[in-house]
Structures are given as structure tokens and as C-alpha cells.
Amino acid sequence: MFKKLSPQAWTILFTAFLTFQTFAETQVFYLTLEDHVFTPSSLEIPANKKVKVIIHNKDKVPEEFDSFELNREKVIFPGKKAVIYVGPLPAGEYKYFGEYHPNSARGRIIVKGDANVN
Amino acid sequence: MLINTVVLFLRDLLPLFIFICYLKATLESQVFTLKYQLISVVFGILVAALLFIIAEPLSEFFEGRGSELTKVLLLIIFYLSMLVVSIKSELPSLFKKLVPSTLVAKIAAVSFVSLIAVNGSSFLIFLDVYLQLNMSPLDASIADNQALNVVIGFVVGLGICVSFSVLFLFILRELKQLNKLWLVKTGLFLFIAGQFSYIVSQLTQIDMLSAGYPVVNFSQYIQDSSEYGHILHALIGFETSPSFNFLLVYFISFLLPILLLNTLRFRLQSQNKIAPQYKEDL
């Protein structure tokens, strides 16, 4: 059946797939950094789903969101917001920290099997 | 702050020390001379400083994806340059007009500059934050304590990197002396693949590539955040729980230079263009 598809049909299918991927609903979660402390310190996200995490740095110096377990590192400049995508991940606990203030800026992302987490 | 500074040295600067060891061991000393090494370090620091200066506006480009895309571009330059250097250093008779042998050192320097820029820019941001904190008059005792910790961290981190690279270069040269150059080259290709595969985490972070599920999990044996994890990451790009896409990019970027070298070598052999003394090495 697939052999009969013309190149144009393949292009349309591929574009539709990409569009679906782009507009597929991605849950958004928020983290705030103030006085070198991440709030909330525990963020719950659903398992096996890609989510968007928006981090707002309210401090006067840059901070690097860093997580070995999530394999993410992103510098967030003072007063700015940064976006990172996390997952899909199996259920578990994933620690993160602020690279420049590792003693105070610490937190964890808890990935839960239940899809209705907020 | 002390441990953090050491970790930053291991994460950002150790790969640069390892890379220079590989370049010194695999390229002839007449090709990648001290002059080229110094020039590439100076240029690398300049490019890293430029990236550091424009880091904030750069991070806002392409809907907040600017920093990641810049790193990806630099890593592609790093990989392609090393691909050319690897081929030309093994098969000097190839593409003589397009890439003369005198250009090999310059291409190796471009590769080194790209890697310094990727790793050095984030290190400079750390230095800047540290300086800002120490100039802050809020709490002088905390600032003094942090300054001391960072200075000690610098000394320890630099000491680890220098001593590791001296020992590593000695091992690489010994292997070369024992006619085990293939082992050195395999290590170099693993290192290049490890550095290049960093593009996967950068692209998944900005949702330009699907992350996929972790294929294996070595966290019971080695943690990414441990000393061994950092050293293995710097040496071969080790990840505790790599995703399918990471492994795919890693193995393709590792195998590509080997396959290209063997294919081109076979073509040269069949055309009898290969030098007799080189045939013995094969």
C-alpha cells in the first residue's frame, strides 16, 4: 500500500506528522529562582510524557540550571525566563541544582506514574 | 563552592586537556607545532570571551534557543574539522590540491578553537558570577570564604587537569612507540564522538529532537556526578542513562571516520596511489 504513495503524498504525510508533533499538547510547569532558591523545591511531572519547564530567574546574577540525572544544563540570566524540555521519563526522582549556588539552589523533579499531576 | 569549582574544571576544561594530548600524540610535531597550539588556545579564549559577552542576547535568539544552537554549530565545526584532520593525517596523498598537508594543522586548530569556545564560554559565566558575588558588599565574611574556596578549587582543578594530561600524554606516546597507534586513534574517535554527541542533549533540551527513553541505566555502577563519571564523560562521552538518539548519534559519529578511512584507503590501494611505506602500516 505504501509503495503506491506518490512523493507528494509522502510530503503531506510527513508535514502532517511534524505538525502533529509540534502542536501535540505539552504540559507546562514553572520554577522560580529567588534569593538563590528554587520554588517549588519539588516539582511533580507525569511519567512517559515530554513537558515544558519555564524557569524564571528573579535574582541579580545568572544561574545555571543543572541536572546530571535529567542531562540538562541551561544558563538563566538575571530577570529572564528560560525554557527547557524534559522527558519522557520513567517514574522516579531526578535532582537538579543551581551550578553557581549549589548549596542553596537545589530541588528535585518527581516523575509520577499518574498523569494528573500539577 | 570548592567542590563545585573542581567539578566545573573537570566538566568544562578536562576535555580540552585531553583533546590537546590526542592532537600532540596523533599529529606529527612538525605539523601541529607549539605555535599552532598557542595560537589556537589564544583564539579559542577570544571566541569563548566573545560568546560570553554576547551570551545574554544570544540566548534570546530563535525563541530562546540561541545558546544551544550556537553550541551545536560549533560542535559540528569541531566534528567536521576532525574528520578532515583524521583522514588527511592517515592518507596524506588524498585530496592534495583541495586540502594541502600544510592546511592540516590549521584545520586541527579550528577544531580546537571550536571546542574551547563551547566549553570555555560557560566557564567564563561561572567566573563572572563568582566575581560579582565577591564584589557584593552584603556579607564580607561569606564573600571572603567563597573567594578562598574558589581559589583553592581553581588550584585543585587545574592541578588535576595538568597531572591527568601529563600522564595521559605519556600513555598515548608509549602506545604509539609500541606500534599501537590504532588504539590511540580509537580513543581519539571515541573522544570526538563523545564530544559531538553533546548536540543530542542540547537539541532535546530545546525540543528540536525527540529525547526518547533511556536505553540502559548504569547508575548502579557509575553516577554521572561522581569523579569517575566526569572523567569517563570527558574521555569517551560516557552517559549513565543514554537515550536511543544519543547512542545512535554516538555510534554513527564514532564509526563514520573509521568507515570513511577504510573506504578511501581501499580506493587508493586499488588505484595504486598509496605510498609503499604506508602500505606496510596497513
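FYI, it's all coordinate maths here, none of it is from the lab. What you are looking at is a predicted structure, and each value in this text was computed from that prediction instead of being measured. As a convention, Cβ positions derive from the backbone with ideal geometry for all residues, glycine included, and neighbour counts pool all protein chains shown.
Scanning the range B:1-40 for residues that are of a type in the set (K, R) and closer than 24 Å to B:I236 by Cα yields B:R11, B:K24.
When the residues of the range B:215-244 are filtered to those that are under 28 Å from B:F62 (Cα atoms) and not in a loop (DSSP other than H, G, I, E, B), which remaining residue is nearest to the other protein chains (Cβ to nearest Cβ)? Step by step, filter the range B:215-244, then rank; the result is B:S243. Number of residues in the range B:51-102 that are within 15 Å of B:L261 (Cα to Cα) and charged (D, E, K, R): the value is 2.
Yes/no matrix, rows are residues, columns are (1) without any contact (Cβ under 8 Å) to a residue 60 or more places away in the chain; (2) closer than 17 Å to B:F218 by Cα:
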position	(1), (2)
B:H230	no, yes
B:H233	no, yes
B:T240	yes, yes
B:L247	yes, yes
B:S253	no, no
B:P257	no, no
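Residues in the range A:51-63 that are surrounded by 20 or more Cβ atoms within 10 Å (Cβ to Cβ), in contact with a helix residue (DSSP H, G or I) (Cβ under 9 Å, 6 or more places away or on another chain) and more than 7 Å from chain B (Cβ to nearest Cβ): A:E63 alone. Scanning the range B:202-235 for residues that are among the hydrophobic types (A, V, I, L, M, F, W, C) and under 12 Å from B:L10 (Cα atoms) turns up B:I231, B:L232, B:A234, B:L235.
One residue alone among A:V37, A:V83, A:V61 is closer than 29 Å to B:V216 by Cα and of a type in the set (A, V, I, L, M, F, W, C), and that residue is A:V83.
The number of residues in the range A:64-94 that are free of Cβ contacts under 8 Å to residues at least 40 places away in the same chain, at positive phi and within 9 Å of chain B (Cβ to nearest Cβ) comes to 1. Find the helices (runs of 4 or more DSSP H) located wholly in the range B:32-147 whose residues include 1 or more that are buried (at least 18 other Cβ atoms within 10 Å of the Cβ) and away from chain A (no Cβ under 14 Å), and list them. So the answer is B:34-53, B:66-90, B:102-135.
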